[in-house]
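Shown next, in structure tokens, is the structure this report addresses.
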Amino acid sequence: MGKAFSKPNALSDTMTHYCPGCTHGIVHRLVAEVIDELGIQGRTVGIAPVGCAVLAYNYFNFDFQEAAHGRAPAMATGIKRVRPDLIVFTYQGDGDLASIGMGEIIHAANRGEKFTTIFINNAIYGMTGGQMAPTTMPGQRASTAPTGRNTDLTGMPIRMANLLSQLITPSYITRQAVLKPQQVNKTKKAIKKAFEYQVEGKCFSLVEVISTCPTNWGLTPLDSLKWAEEKLLPYYELGDYKIPE
Amino acid sequence: MAKVLMKGNEAIAEAAIRAGCVNYFAYPITPQSEVAEYLVKRLPEEGGVFLQGESEVAVGYMIFGAAAAGERVMTTSSSPGISLMSESISYIAAANCPAVFVNIVRGGPGLGGILPSQGDYFQATKGGGHGDYHLLVLAPDGVQEAVEMTMQAFTLAEKYRGPVMILGDGLIGQMMEPVEFPDNLKTEPSNKDDWATNGMDTRKSKKRNLVKSLFLNPTELNNNNLALKAKYDQMKREEIQFEAYNTDGDYKVLITSFGTMSRVCRTAIDLLKEEGIEVAMLRPKTVFPFPEKAVFDAATKESCKAVISIEMNMGQMVEDVERCVKGQRPVTFYGECGGDIPSPEKIIEIIKAMI
Amino acid sequence: MQTEIKFAGFGGQGILLSAKLMAYAAMKQGSFVAWVPSYGPEMRGGTAYCTVVISDKLIGSPIIKNPTHLVAMNLPSLEKFVNDVKPGGIVFINSSLIPITSNRTDIEQLVVPINDIAIKAGNIRASNIVALAAFAAKSKLVDLDLLKDCIKEEFAAKAKIIPLNMKAFDEGVNFANNNI
């Protein structure tokens, strides 16, 4: 009988530092599976963000660079422009991508840089300890919004996939989630499509993944999944926002 | 090759290509935009990459990404832009990546002005961004030297696997002078298999490479800083360049000056010599590493009674000069930094008042 | 021996190009040269000026406050810079646009109707070449044939305007030789 389940080659054999119930591990695995399936491990360069995934390079087994906060799309641009043959992806959280790195992601997408961005949206700053993110929901509590996000003072949560899909430059922009098994399967399909577009040299692609942060949300892993389903998904609607011609 | 008449900015651009760098990312800023305007035409001819980034912040990381992928890469900017790039320069230094930054300095602080200045000496030589790092900084005094130093910069960046800066100014960028491009300054790219993130398949070992600057373990971080320090110490042993002007005779005053300002000083020294007044100049060509011993030796020559640092700023390199002279001679300073360059006559007046 | 020429006028008169051609020819003749422009917002339609330094030895300071020569293409340029010219220096005045001369007696003033000559040669836009030619003919700093070659080289990509500029050059030289 053959092996039924094994670790993808693109993942290293290391325990992650992620909290119990965190969905980073799921997305890491999906990315690694796609890289294995496309046979691109030897020419892939990942870019780690600043945030919980700053140490992502410890869990993947291929070349990696570490960016400053928000700057991963600029680094990816640098690599991809000088070495278009490499497969380059950034892996960024919502503080990194939607706050400090807003300029870099918009311009990279608008230039149609041929790399892939995996965007983990869990509506909070994780690594720095639960501060408010641009994606934090109205009324959602955070360490810098102790009574809940006041949208009169801080505006409404930014929907990155919607926003990026408004750019005229062709791209693949999709929002997925990893709260249920069928969502995980769809997310993998989206990640694969995003990498395929890059392999074909077609367009910029971004897969936003609605994720959880039980630790900073102050919920159990199971309650986190339920909370995300109830509070995040109605605002952050899933689906493809833009598909290249 | 015959001499050609070129603007400093264009000559720097061409020098980069002649040195084997065909990757350029930049953001427009006066007084250096001619570099981009030149390269946008030239790089496609060389099969290279030209990209105008959305900001100097982003450009700094485009440089970081390209350098980490093992390619020769350059950007050019001017003072406010270099401030924005300083974050990335800190990361690039920490992550041991070779890259060339050209600063065509303009007056500051703030928006300052667009005329020549040497107000970024501290920023260039003492770090600029956060943390313990240095760039190797070359300060040309004209277009020909800007060409030679730009070409050398790529070799030095790879030798030390770190950022190298050309510290010019608006005059050097805007002025035209005759230049030659010495072919012998072009070097073959170094082997980057041990560190560059250009795909595991490219190297025999098939081991993955990681370019990073985060060391949460205090011992590892300390070790990275010690390794950086060792590079800076090696630079101090191997890379110091300076010019000693009129130091043979019995001079009473030693001028220290760099870049554009040193040319004016040279004219003043020639004119003083005609009047029978001997003045010497020590001009650092590398401002980091600083020619510490040369400055000390020139300042402490028996005939020399005083040292004056003359700069287009409010007194920056003079701090290094004082450090090197170690109290053996009085060290004074003269500088202007509105954009006007002090005239030879002004310098003569100041020197005469000293003796 | 060092010569310093300030070319001054308003943006669009081709001052920078005249100066560059002068520097280029001097370089080809084996001199040390530096071409130092004014730059920045003042380039956009305001007063433009440019200094060319020509020397038989390595040029120290290329920043010249008191040039030996001034080529003034418009009135504000003459007013702004004439008092800076070294005693014994030479000033070229574009009399098409400058109705006056300086009251300095320690400098030589050469009056040339540059724009009128250019119009006669075929196009007012060749004024800068007329000025360059007249200046070169009187100052004798560079060989005139060499300078013509430099102009042809400069316009190589726009070959159809070379005859106009050659004509302007010759007219400029003729005026300088016969009238001043």
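Here are the numbers:
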{"quantity": "Single residue of the range A:33-55 satisfying the filter (surrounded by fewer than 24 Cβ atoms within 10 Å (Cβ to Cβ) and free of Cβ contacts under 8 Å to residues at least 60 places away in the same chain) that is farthest from the other protein chains (Cβ to nearest Cβ)", "calculated": "A:Asp36"}
{"quantity": "Odd one out for A:Phe60 among (1) open to solvent by 10 Å² or more (accessible area, probe 1.4 Å); (2) in contact with a Leu (Cβ under 9 Å, 6 or more places away or on another chain)", "calculated": "(1)"}
{"quantity": "Counted residues, the range B:3-21 - those being more than 9 Å from every other protein chain (Cβ to nearest Cβ) and assigned to a loop (DSSP other than H, G, I, E, B)", "calculated": "3"}
{"quantity": "Positions within the range B:35-56 being outside any loop (DSSP other than H, G, I, E, B) and of a type in the set (Gly, Ala, Ser), in sequence order", "calculated": "B:Ala36"}
{"quantity": "Segments classed as helices (runs of 4 or more DSSP H), wholly inside the range B:64-162, with at least 1 members that are more than 15 Å from the chain's Cα centre (by Cα) and surrounded by fewer than 22 Cβ atoms within 10 Å (Cβ to Cβ)", "calculated": "B:79-94, B:143-160"}
{"quantity": "Given (1) closer than 12 Å to C:Asn165 by Cα; (2) open to solvent by 60 Å² or more (accessible area, probe 1.4 Å), index of the condition C:Lys140 fails", "calculated": "(1)"}
{"quantity": "Qualifying residue in the range A:121-135 (condition: within 24 Å of A:Asn216 (Cβ to Cβ) and without any contact (Cβ under 8 Å) to a residue 24 or more places away in the chain)", "calculated": "yes"}
{"quantity": "Odd one out for B:Gln174, checked against (1) open to solvent by 20 Å² or more (accessible area, probe 1.4 Å); (2) within 14 Å of chain C (Cβ to nearest Cβ); (3) not aliphatic (A, V, I, L, M)", "calculated": "(1)"}
{"quantity": "Residue within the range C:2-17 that is among the polar types (S, T, N, Q), open to solvent by 30 Å² or more (accessible area, probe 1.4 Å) and within 20 Å of C:Gly89 (Cα to Cα) present", "calculated": "yes"}
{"quantity": "In the range B:163-188, the residues that are of a type outside the set (Ser, Thr, Tyr) and part of a loop (DSSP other than H, G, I, E, B)", "calculated": "B:Met175, B:Glu180, B:Phe181, B:Pro182, B:Lys186, B:Glu188"}
{"quantity": "Qualifying residue in the range B:264-278 (condition: assigned to a strand (DSSP E or B), in contact (Cβ under 8 Å) with a residue 60 or more places away in the chain and surrounded by 17 or more Cβ atoms within 10 Å (Cβ to Cβ))", "calculated": "no"}
{"quantity": "Residue check for A:Asn216: of a type outside the set (D, E, K, R), buried (at least 19 other Cβ atoms within 10 Å of the Cβ) and in contact (Cβ under 8 Å) with a residue 40 or more places away in the chain", "calculated": "yes"}
{"quantity": "Test: residue in the range B:321-336 that is over 28 Å from B:Tyr232 (Cα atoms) and within 14 Å of another protein chain (Cβ to nearest Cβ)", "calculated": "yes"}
{"quantity": "Filter result (open to solvent by 20 Å² or more (accessible area, probe 1.4 Å) and among the hydroxyl-bearing types (Ser, Thr, Tyr)) within the range B:1-44", "calculated": "B:Tyr27, B:Thr30, B:Ser33, B:Tyr38"}
{"quantity": "Candidates C:Phe32, C:Phe7 - the one that is more than 9 Å from chain B (Cβ to nearest Cβ) and of a type outside the set (Gly, Ala, Ser)", "calculated": "C:Phe7"}
{"quantity": "Output for the range B:177-197, where each listed residue is more than 30 Å from B:Lys3 (Cα to Cα) and either away from every other protein chain (no Cβ under 12 Å) or acidic (Asp, Glu) (or both)", "calculated": "B:Asn191, B:Asp193, B:Asp194"}
{"quantity": "Residues located in the range B:198-242, provided they are open to solvent by 40 Å² or more (accessible area, probe 1.4 Å), touching a strand residue (DSSP E or B) at 6+ places or on another chain (Cβ under 8 Å) and more than 10 Å from chain A (Cβ to nearest Cβ)", "calculated": "B:Ile240, B:Gln241, B:Phe242"}
{"quantity": "Neighbours by Cβ (under 8 Å, 6+ apart or cross-chain): first from the range B:298-315, more than 20 Å from B:Phe258 (Cα to Cα); second open to solvent by less than 10 Å² (accessible area, probe 1.4 Å) and assigned to a loop (DSSP other than H, G, I, E, B)", "calculated": "B:Lys301/B:Tyr251; B:Ser303/B:Tyr251"}
{"quantity": "Filtered residue count, the range C:17-37, keeping only those that are outside any helix (DSSP H, G or I) and out of contact with any Cys (no Cβ under 6 Å at 6 or more places or on another chain)", "calculated": "8"}
{"quantity": "Residue selected from the range A:117-142 under the condition over 16 Å from A:Ala98 (Cα atoms) and not aliphatic (A, V, I, L, M), by the criterion least open to solvent (accessible area, probe 1.4 Å)", "calculated": "A:Gln140"}
{"quantity": "Options C:Val82, C:Val130, C:Val112: the member that is over 23 Å from C:Ser55 (Cβ atoms) and in contact with a Ser or Thr (Cβ under 6 Å, 6 or more places away or on another chain)", "calculated": "C:Val82"}
{"quantity": "Residue count, the range C:10-24 (criterion: facing another protein chain (nearest Cβ under 10 Å) and modelled with pLDDT of 95 or more)", "calculated": "5"}
{"quantity": "Yes/no for A:Gly101 being more than 9 Å from chain B (Cβ to nearest Cβ), more than 12 Å from the chain's Cα centre (by Cα) and at pLDDT 95 or above", "calculated": "yes"}
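Conditions (1) touching a Phe, Trp or Tyr at 6+ places or on another chain (Cβ under 8 Å); (2) at pLDDT 95 or above, marked per residue:
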residue: B:Leu171; (1), (2): no, yes
residue: B:Met176; (1), (2): yes, yes
residue: B:Thr187; (1), (2): yes, no
residue: B:Trp195; (1), (2): no, yes
residue: B:Thr202; (1), (2): no, no
residue: B:Lys206; (1), (2): no, no
residue: B:Asn209; (1), (2): yes, yes
residue: B:Asn222; (1), (2): no, yes
residue: B:Lys231; (1), (2): yes, yes
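Residue-wise test of (1) under 18 Å from A:Asn185 (Cα atoms); (2) within 17 Å of the chain's Cα centre (by Cα); (3) among the β-branched types (Val, Ile, Thr).
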| position | (1), (2), (3) |
| --- | --- |
| A:Gly2 | no, no, no |
| A:Pro8 | yes, no, no |
| A:Asp13 | no, no, no |
| A:Ala32 | yes, yes, no |
| A:Asp36 | yes, no, no |
| A:Gly39 | no, no, no |
| A:Val54 | no, yes, yes |
| A:Glu66 | no, yes, no |
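The values are calculated or read from the model by the stated rules, or taken from the named source; none is laboratory data. These numbers were taken from a predicted model, which means no experiment stands behind them. All Cβ positions, even for glycine, are placed from backbone atoms using ideal geometry, and neighbour counts span all protein chains on display. Note: areas computed on protein heavy atoms with side chains; ligands, DNA, RNA excluded. Shrake-Rupley method; radii C 1.70, N 1.55, O 1.52, S 1.80 Å.
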